[in-house]
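> Got a structure here, written out as structure tokens. Questions coming.
Quick note: the coordinates plus some simple rules give every number you see, no bench work behind them. Just so it is clear, the structure is predicted and the values come from calculations on it, not from any experiment. Positions of Cβ are generated from backbone atoms using ideal geometry, with glycine treated the same way; all protein chains shown enter the neighbour counts.
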Amino acid sequence: MAIIITDECINCGACEPECPNNAIYEGGAEWRMSDGTSLKGAITTPNGKPFDADEDYEPVDMDVYFIVPDKCTECKGFHDEPQCAAVCPVDCCIDDEDIRESDEELLAKKDFLHL
């Protein structure tokens, strides 16, 4: 599953530099699949979603930091635990109950993001 940042976020920014996939953005910021990954041009994610990796996409949240689910691997293949949750001072980086992914799916996503 992916991690989400709840509205209890205090916008401290501690999580953003810890993400190995550059999946975390400041509230209101546009994002790209290519940010911090090896992706370029037209792509299709392992779960079948098409993207232009270089295109700017609308913010997921306007007020607090957010995590792009298609880039979140829960730090699988990099760390033993999600680093955003490990450094969050208010424990607002939590499992997204709406997005369930196995360890194998998360590792495949990691390999896809970092060819």
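> On the first, second and third principal axes, largest extent first, how far apart are the outermost C-alpha atoms of the chain in Å?
Its Cα atoms span 36, 29, 24 Å along the three principal axes.
> Using a basic spin-label model with each label point 7 Å from the Cα along Cα→Cβ, how many nm lie between ILE10 and ASP91?
With each label point 7 Å from Cα toward Cβ, the separation is 1.4 nm.
> To the nearest 20 debye, what charge dipole does the chain have about its Cα centre, counting +1 at the Cβ of each Lys and Arg and -1 at the Cβ of each Asp and Glu? Walk me through the numbers before you get to the answer.
Values: 8 positive and 28 negative charges, 100 e Å.
Using Cβ point charges on Lys, Arg, Asp and Glu, the chain gives about 480 debye.
> Highest GNM mean-square fluctuation, the chain, Cα pairs closer than 10 Å: which of PRO17, PRO89, PRO50?
PRO50
> Could you pull out the trypsin sites (Lys or Arg not before Pro) across the range 19-86 that fall in loop regions by DSSP (anything but H, G, I, E, B) with no more than 15 other Cβ atoms inside 10 Å?
Taking the range 19-86 and a limit of 15 other Cβ atoms within 10 Å, the loop trypsin sites (Lys or Arg not before Pro) found are LYS40.
> Now for a separate question. Quick one: angle between helix 103-113 and the longest Cα principal axis of the chain, in degrees between 0 and 90, rounded to 10, please.
70
> Could you give the distance between the Cα centres of the range 25-45 and the range 60-77, to the whole Å?
11
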